[in-house]
Amino acid sequence: MKKIAVVTGAAGGMGRAIVDRLIVDGFHVIGFDIDAGGLADMAREDFEGIALDLTNASDITDAFAQIKAHQGGIDALVNNAGTCFMSEFPDIPEAEFEKQMALNFSGAFHCCQAAIKLMAGREGVRKIVNISSNGAYNFDAFDPPHYRASKAALDTLTKDLARRYATDKIAVNSIAPAMTETPLFGVVSEEVLAKAIAQMPHGRAMQPSEIAAWVGFLISPAGDISSGNVIILNQGRDVR
Ligand SMILES: NC(=O)c1ccc[n+]([C@@H]2O[C@H](COP(=O)([O-])OP(=O)(O)OC[C@H]3O[C@@H](n4cnc5c(N)ncnc54)[C@H](O)[C@@H]3O)[C@@H](O)[C@H]2O)c1
């Protein structure tokens, strides 16, 4: 029987790379995304998509109920879905603030609650990996405050759950990447983007497959002894 992994935001840049990685690593992967067409394009052995809106808690409940009925449980969850709305403080519209928190934090929170119940009784160390952002820690970069706050909240959830479930053998970590080449680059102007990429020590953005390799590592047996960590991936950009 293959282990079961759930990846949110599966049809996005980072999501697709994480799905590829986990399938290569022998998982049966269930991808959540609002982009039903994108999920349909990804159809292959060991992948199935569930189209849903992660800002709607009842969609999340329904999706995990479906997984419970068909697969019985899960072994790994990657909370990867997220976006970066770019309005600037103090003129961030209330609806944008709510949506930023709902997708980047609340959706991941609800997925963790549902997933942990389905991890009960599974073999070995089960894994949650939350995709945070270097933007929560680097205040020189362009990220707006509601984005930073949503990711900082996610990282606090990582630490709480890591502590809470350590003896139950559920390991919870965050990966906090800097500039990674995905469709999300479209939220900033070419000028801002070029400046941010030029600040990367290797002179290039990171690739989704490079981030996915770290997700795969944490989910592999080698990752069993890490929990409660926020792993920043930025080519060493912020070392002072
Ligand atoms: N790309 C970067 O440089 C970078 C840097 C730091 C952190 N991140 C984080 O990486 C994660 C993945 O981002 P990405 O760069 O692949 O972006 P992306 O835009 O390519 O992917 C995001 C995915 O989330 C899905 N999504 C959006 N709203 C949704 C909703 N309401 N319900 C379900 N799915 C929804 C989108 O359809 C898309 O497939 C995000 O959490 C992002 O904050 C990205």
Residues within the range 151-198 that are among the hydrophobic types (A, V, I, L, M, F, W, C), within 14 Å of the ligand (Cβ to nearest atom) and in contact with a strand residue (DSSP E or B) (Cβ under 6 Å, 6 or more places away or on another chain), tallied: 3
Qualifying residues in the range 130-145 (those that are crowded, with 23+ Cβ neighbours inside 10 Å and in contact (Cβ under 8 Å) with a residue 60 or more places away in the chain) - the one farthest from the ligand (Cβ to nearest atom): SER132
Unmet requirement for ARG204, which otherwise passes all of (1) surrounded by 15 or more Cβ atoms within 10 Å (Cβ to Cβ); (2) within 13 Å of the ligand (Cβ to nearest atom); (3) not small (Gly, Ala, Ser); (4) not in a helix (DSSP H, G or I): (1)
Qualifying residues in the range 50-65 (those that are among the polar types (S, T, N, Q) and within 11 Å of the ligand (Cβ to nearest atom)) - the one nearest to MET14 (Cα to Cα): THR55
Odd one out for GLU98, checked against (1) within 13 Å of the ligand (Cβ to nearest atom); (2) closer than 19 Å to ASP35 by Cβ: (2)
The range 116-129, subset among the hydrophobic types (A, V, I, L, M, F, W, C) and buried (at least 24 other Cβ atoms within 10 Å of the Cβ), residue nearest to the chain's Cα centre (by Cα): VAL129
Which listed residue, of LEU218, LEU184, is out of contact with any Asp or Glu (no Cβ under 6 Å at 6 or more places or on another chain) and surrounded by fewer than 20 Cβ atoms within 10 Å (Cβ to Cβ): LEU184
Qualifying position, being farther than 22 Å from SER174 by Cα and among the charged types (D, E, K, R), among ASP75, ASP46: ASP46
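Could you tell me whether any residue of the range 66-75 is in contact with a His (Cβ under 8 Å, 6 or more places away or on another chain), within 10 Å of the ligand (Cβ to nearest atom) and farther than 18 Å from GLN207 by Cα?
No, because not a single residue in the range 66-75 is in contact with a His (Cβ under 8 Å, 6 or more places away or on another chain), within 10 Å of the ligand (Cβ to nearest atom) and farther than 18 Å from GLN207 by Cα.
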Selection status of ILE4, away from the ligand (no atom under 13 Å from the Cβ), within 13 Å of ALA114 (Cβ to Cβ) and buried (at least 17 other Cβ atoms within 10 Å of the Cβ): no
Boolean, ILE60 is without any contact (Cβ under 8 Å) to a residue 60 or more places away in the chain, under 27 Å from TYR165 (Cβ atoms) and crowded, with 19+ Cβ neighbours inside 10 Å: yes
Matching residues in the range 221-235 - criterion: being surrounded by fewer than 17 Cβ atoms within 10 Å (Cβ to Cβ) and assigned to a helix (DSSP H, G or I): PRO221, ALA222, ASP224, ILE225
Residue that is nearest to the ligand (Cβ to nearest atom) [pool: residues in the range 8-49 that are aliphatic (A, V, I, L, M) and surrounded by fewer than 17 Cβ atoms within 10 Å (Cβ to Cβ)]: ALA36
Subset of the range 119-162 [part of a helix (DSSP H, G or I), closer than 16 Å to LEU77 by Cβ and in contact with a Lys or Arg (Cβ under 6 Å, 6 or more places away or on another chain)]: MET119
Flag if PHE89 is more than 9 Å from the ligand (Cβ to nearest atom), modelled with pLDDT of 95 or more, under 16 Å from LYS151 (Cβ atoms) and surrounded by fewer than 20 Cβ atoms within 10 Å (Cβ to Cβ): yes
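The values are calculated or read from the model by the stated rules, or taken from the named source; none is laboratory data. Keep in mind it's a predicted model, so treat the numbers as computed, not measured. Every residue, glycine among them, receives a Cβ derived from its backbone with ideal geometry; neighbour counts consider all protein chains shown.
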